[in-house]
Every structure is written in C-alpha cells, then in structure tokens.
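Okay, structure first, notes after.
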Amino acid sequence: MKKNKLSYSQNYCELTREQLVDIMESTLSKRRFKHVMRVEKTALALAERFEADKEKVSIAAIAHDYAKENPDEEMRDLIISENLDLDMLQYGSNIWHGPLGAVLMKNEYNLDDEDILEAIKYHTIGSPRMSLVAQVIYVADFIEPNRSFKGVDDARELAETDLTSAVAYISRHTITNLIKRKTKIYPKAIETYNAWAVKNKEDQDDPFVN
Ligand SMILES: [Fe+2]
Ligand SMILES: [Fe+2]
C-alpha cells in the first residue's frame with residue numbers, strides 16, 4: 001500500500017498512523033481492511049475540501065469499523081457492561097459496532113478526543129449534532145469508491161460542494177431503505193433524519209391538507 005505522508009502528533013491517541021493501520025489489518029478481514037483504507041482516502045479528500053482536521057479524520061476513518069466483525073455475543077455483553085444504550089439490543093447488530101468501536105478504541109488505545117470518538121460512534125446512524133469530523137466520516141463511509149448502490153452518485157455529487165446536504169441525503173437514503181426493507185428503525189436514526197433531512201418548516205407543504 002502506498003505510504004501516506006500524514007504523520008500523527010499523537011495528541012489524540014497513543015498510536016502512530018502505521019501502528020493504527022497494523023492493528024486494523026490484523027483485526028479485520030482483508031475485505032473490510034481495504035474498505036477502511038478507502039474510507040480514509042475519501043475522508044481525507046473531504047477534509048481537504050471542507051477544512052476538517054486531517055489527523056482526526058484519518059484516525060476516525062481507520063478506526064471506524066474496529067468493532068464491526070466482533071461476535072454478536074461479545075458486543076451484546078459490552079453494551080451491557082459499558083452502560084451503553086440498552087435499547088440498541090432490540091435492533092440489529094449493524095448499529096452496535098459504531099458505539100462499541102469508540103468504547104474499545106478509548107479503552108484499549110487511550111483514544112481521547114471527542115470529535116474522533118463521536119465520528120466512530122455515529123458513523124452508521126448519524127446524530128442530530130455531528131462535528132465536522134463526524135460528518136466527514138459519515139459521508140466518506142457512504143461514498144467510498146467501492147460503493148455502488150443506487151443513489152451513491154447523487155451523494156458523491158453533493159459531497160463535491162456541500163457536506164451538510166450530503167449528510168442530509170445519506171440520512172434520508174438510509175431511512176428510506178430501511179422502510180423499503182420493512183426493517184425496524186433505531187429511533188436515533190430517525191432523530192438524525194429529523195435534524196438533517198427534513199426541510200425547513202416554512203418550505204414544507206402541509207401533508208394533512210388535501
Ligand atoms: Fe461501519
Ligand atoms: Fe465502514
């Protein structure tokens with residue numbers, strides 16, 4: 001893999017970039033590891049475009065799926081022992097790995113920066129309030145070059161100029177897809193949609209008229 005020139009100050013995490021990459025390479029499947037590295041590249045391009053902190057973005061991108069391949073049972077136990085939102089247990093394990101990845105990175109590698117932890121935590125479901133770093137990771141995870149689902153090009157186009165609109169588009173796309181698949185929706189994902197994707201009240205047509 002091409003060497004990335006970014007070197008970390010180690011103010012946010014005790015690891016160098018090389019160490020962080022090595023941890024992910026040995027923890028994750030090859031397929032997932034490649035995804036993570038594409039997310040980093042995409043996220044760094046967004047960081048350049050929207051003036052986000054590149055070191056924070058790089059750490060969050062490389063670590064965002066750290067817990068993704070952990071066994072469900074282990075994740076379930078951690079949600080309980082770490083006092084995370086127990087409501088999550090009623091929803092699919094796909095929504096667990098973000099919050100757990102943040103907890104594990106904090107516990108195991110002293111990752112101690114709110115922007116980075118929040119970006120890892122919210123990368124799947126988003127949040128009504130997201131830092132610039134969290135927005136960058138949320139968008140980069142969705143648009144990395146190997147993504148090919150319907151709508152991804154619209155998100156890529158928005159991300160060329162308007163990060164907020166890209167976040168809004170992705171939150172709407174996520175909710176719409178879950179509804180299409182008749183999947184139960186974790187309420188925090190709906191909160192993200194309400195905060196980012198609903199038009200301003202004055203622009204809205206009243207759905208109850210006509
Ligand atoms: Fe993920
Ligand atoms: Fe991911």
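None of the figures in this text is laboratory data; all of them are computed from the coordinates on show. Here the structure is a predicted model, which means the values were calculated and not measured. Because the Cβ atoms are built from the backbone with ideal geometry, glycine has one as well, and the counts that use them run over all protein chains shown.
Couple of notes before you dig in:
- Since only Ile23, Asn177, Pro71 are under comparison, the one whose Cα sits farthest along the positive direction of the charge dipole of the chain, derived from C-beta charges on Lys, Arg, Asp and Glu, is Asn177.
- The angle between the Cα long axis of helix 72-81 and the longest principal axis of the Cα atoms of the chain comes to about 90 degrees, rounded to the nearest 10.
- All-pairs Cα distance distribution in the chain, expressed in whole percent, bin size 10 Å: 8, 34, 37, 16, 4, 1, 0
- Between the helical axis of 163-180 and the longest alpha-carbon principal axis of the chain there is an angle of about 70 degrees.
- Remark: segment 1-139 carries a charge dipole of roughly 880 debye about the Cα centre, counting +1 on each Lys and Arg Cβ and -1 on each Asp and Glu Cβ.
- Convex hull volume per residue, computed on the Cα atoms of segment 20-144, equals 101 Å³.
- Sequence-distant contacts, meaning Cα pairs under 8 Å at least 6 residues apart, place the relative contact order of segment 17-200 at 21 percent.
- Segment 151-190 - Kirkwood radius from inverse mean 1/r over Cα pairs (Å): 10.7
- Peptides 84-91, 124-131, ordered by how many other C-beta atoms sit within 10 Å of their residues on average, highest first, read 124-131, 84-91.
- Among the chymotrypsin sites (Phe, Trp or Tyr not before Pro) within segment 128-167, those in coil by DSSP and having at most 11 neighbouring Cβ atoms inside 10 Å are Phe149.
- Cut-off 13 Å between beta-carbons: net charge of the residues surrounding Gly151, Lys and Arg +1, Asp and Glu -1: +2
- Helix 152-161 axis, angle to the chain major axis (alpha carbon atoms, nearest 10°): 80
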